[in-house]
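What follows is a short report on a single structure.
The values are calculated or read from the model by the stated rules, or taken from the named source; none is laboratory data. In this text the structure is predicted, and so the values were computed from the model without any measurement. Positions of Cβ are generated from backbone atoms using ideal geometry, with glycine treated the same way; all protein chains shown enter the neighbour counts.
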């Protein structure tokens, strides 16, 4: 298990990625609903209601994604550390520059 500042940084990174994906999927779901209502021929009087409905769906979707995922776990932090070390390559240790960067 990763302890210390590196662990905190990795957990923050995981949480930010989760927040971003929840926000984007919530926004897209609301935009799709609003777009469908507009394509269906919603009148100008019902556009206000349609916009509120799309906003409520987007917020609900974002909230339930947070609730279903729960807090960041040690396994998620370890997976992020593994993903980052694989992205750096086998020749570079954390804190060292790659041979190409020298």
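Worth a mention:
- Among residues of segment 40-58 being within 19 Å of residue 25 (Cα to Cα) and exposed (fewer than 13 other Cβ atoms within 10 Å of the Cβ), the one that is nearest to the chain's Cα centre (by Cα) is 56.
- Residue tally, condition loosely packed, with under 13 Cβ neighbours inside 10 Å and within 30 Å of residue 34 (Cβ to Cβ), over segment 67-85: 3
- Any hit, segment 89-102, residues being part of a helix (DSSP H, G or I), at pLDDT 80 or above and either touching a helix residue (DSSP H, G or I) at 6+ places or on another chain (Cβ under 9 Å) or loosely packed, with under 10 Cβ neighbours inside 10 Å (or both): no
- Restricting attention to segment 1-30, the residues that are touching a helix residue (DSSP H, G or I) at 6+ places or on another chain (Cβ under 7 Å) and in a helix (DSSP H, G or I) total 13.
- Some residue of segment 56-70 being part of a helix (DSSP H, G or I), within 23 Å of residue 85 (Cβ to Cβ) and touching a residue at least 40 places away in the same chain (Cβ under 8 Å): no
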